[in-house]
Amino acid sequence: MDKLAIGRVLQRQGHPKRAMQALLDGLALAQNSKGDEAGYWLAIANLEHEAGEYATALALHQRALALARCDKQRCSAQLGLAADLWAMGEETTALVLQQAALSFAGLAADPVLLEESARLYRLQQQWLLALQQYTAAVSAVTEADALALHLAILEVHLQLPTIDGLVGAVEQAKQALALSSSNHLHEALLLALAQCCERLAHYVAAAEFYQAALALQAEQKTVKKTPRRLLSIELKLQQTISEIEIDVLQHKNAQQIEQVQRLESATYRDSLTGLHNLRYLQARWEDLLAQAQQTHALCVIHMGVDQSTHLRDVMGDEVANESVLRIANVLRRCCPADGVLVAANNSEFRLLLPLAEKAPVQHLIDMIQREVALLDCTQLPEALTVSFGCTAFQTGDHVDVLQLRADLALYLAMRRGAGAVVWEEQA
């Protein structure tokens, strides 16, 4: 068994310091032989996360993502980063990373990834999803390694409003406890079993588990000093972490930067036009609406290429996509610095402007139409035009209301065609 596997087993058995020792020894060997380091960084980062050192874990997971050699490692790093960011309050970014990780097809068959995804669901208080992942992970590991997973399953059950499945979970945890040798998780598992039995109204069994936990506690009262070997390991880890954090802050790792850019592009960019997409707008809406509620200045403009459907039907996707891309380039050039421009689908765009008056909005629309009119359309059946559906923020507006009004205005504008402009009060 290699050092990485040993470290993970020790972690599951409740020996974090011994796990760290094995992982650091394995990491040193991998570095000396120019081997695969990413797995070690991932496991060390997870130990730091479990210890509540989220900022440190974040730096380590970033390092692992930069060194990842396969989709499994990238998935693990993304799940780890998502958990770190969620714990630090960066929920929007965490969800983006989580979505990317969950798209990996091999996750459902890998106990490590299942456990990591379950941990993230627990942070998000999605208890049923966490329970599903932990249960799948238990079936994929040996009984000796499953104690931590049984403990997690019981802890999740205690958060659920019903006791469905709890009897079976208690029985499985009891069997795992009986089969395991001395383990640092025994006391925690005994206490969880006692709480679950109490929840089931099995009071005699609950009392027995509480008594067993107290007895075990009494046996372990002797406090042992940290061995000198472990102190040196902790110092080595701290030095390594400091070097990594400096590396990350100075952006020395070009591969990491490239991967982050690819992730941002895949998540927040439209593949055809390169503009931001609707997912980006969704992430921005909360701030934009909060600002509008203070300034009462927000115009929402939905735009559509009038000829797109006809071009796609008559001349094919390639010509239609090329026409949409040319319109997107015009919009990009005309969009003011404080505007938020996104591609909504194959032929529609959205533009949000921090403006309260119609006049500057109309001036911008006129400029866009002039630029579109200058496009060379000699190879097309007719010249390209863009129609506009516009609405302005009103006190009490919600996101859905604003978008619905702009959608209705755009629908009417495109029915008129030829670059029509409709404000929602005209709808």
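The values are calculated or read from the model by the stated rules, or taken from the named source; none is laboratory data. On a predicted model such as this, the values are computed, not experimentally measured, just so you know. Quick reminder, even Gly has a Cβ in these numbers, built from the backbone with ideal geometry, and neighbours come from all protein chains shown.
A few points about this structure:
- Test: E155 is among the charged types (D, E, K, R) and in contact with a helix residue (DSSP H, G or I) (Cβ under 9 Å, 6 or more places away or on another chain): yes
- Taken together, the residues in segment 8-57 that are within 17 Å of R119 (Cβ to Cβ), of a type in the set (G, A, S) and assigned to a loop (DSSP other than H, G, I, E, B) amount to 3.
- Checklist (1) in contact with a Gly (Cβ under 7 Å, 6 or more places away or on another chain); (2) under 18 Å from T309 (Cα atoms) applied to A409, failing item: (2)
- Close pairs from segment 126-137: first within 17 Å of A109 (Cβ to Cβ), partner outside any loop (DSSP other than H, G, I, E, B) and polar (S, T, N, Q), Cβ under 8 Å, at least 6 apart: Q133/S117
- Just one of (1) β-branched (V, I, T); (2) in contact with a helix residue (DSSP H, G or I) (Cβ under 6 Å, 6 or more places away or on another chain); (3) in a helix (DSSP H, G or I) fails for V361. It is (2).
- Qualifying residues in segment 126-153 (those that are among the polar types (S, T, N, Q) and within 12 Å of L114 (Cα to Cα)) - the one modelled with the lowest pLDDT: S139
- Total residues in segment 319-352, condition within 33 Å of the chain's Cα centre (by Cα) and either part of a loop (DSSP other than H, G, I, E, B) or not hydrophobic (A, V, I, L, M, F, W, C) (or both): 17
- Every test in (1) buried (at least 19 other Cβ atoms within 10 Å of the Cβ); (2) assigned to a loop (DSSP other than H, G, I, E, B) is passed by P381 save one, and that test is (1).
- Subset of segment 30-56 (residues that are over 26 Å from A173 (Cα atoms) and in contact with a Gly (Cβ under 7 Å, 6 or more places away or on another chain)): Y40, L42, A45
- Residue count for segment 1-57, restricted to those that are surrounded by 18 or more Cβ atoms within 10 Å (Cβ to Cβ) and polar (S, T, N, Q): 5.
- Test: A137 is in a helix (DSSP H, G or I), in contact with a Pro (Cβ under 6 Å, 6 or more places away or on another chain) and under 29 Å from E208 (Cα atoms): yes
- Qualifying positions in segment 318-351 - free of Cβ contacts under 8 Å to residues at least 60 places away in the same chain, surrounded by fewer than 20 Cβ atoms within 10 Å (Cβ to Cβ) and in contact with a strand residue (DSSP E or B) (Cβ under 6 Å, 6 or more places away or on another chain): C335, G339
- Residue satisfying all of: in segment 264-307; among the aliphatic types (A, V, I, L, M) and buried (at least 20 other Cβ atoms within 10 Å of the Cβ); farthest from A320 (Cα to Cα) among these: A292
- Top-ranked residue in segment 191-200 [being among the aliphatic types (A, V, I, L, M) and at pLDDT 90 or above; ranked as farthest from A146 (Cα to Cα)]: L200
- Search result, residues across segment 364-408 that are among the basic types (K, R) and either more than 21 Å from A297 (Cα to Cα) or free of Cβ contacts under 8 Å to residues at least 40 places away in the same chain (or both): R370
- Among the conditions (1) under 30 Å from Q294 (Cβ atoms); (2) modelled with pLDDT of 95 or more; (3) surrounded by 15 or more Cβ atoms within 10 Å (Cβ to Cβ), the only one that P354 does not satisfy is (2).
- Only one of I327, I368, I301 that is in contact with a Cys (Cβ under 8 Å, 6 or more places away or on another chain), at pLDDT 90 or above and over 16 Å from E425 (Cβ atoms): I368
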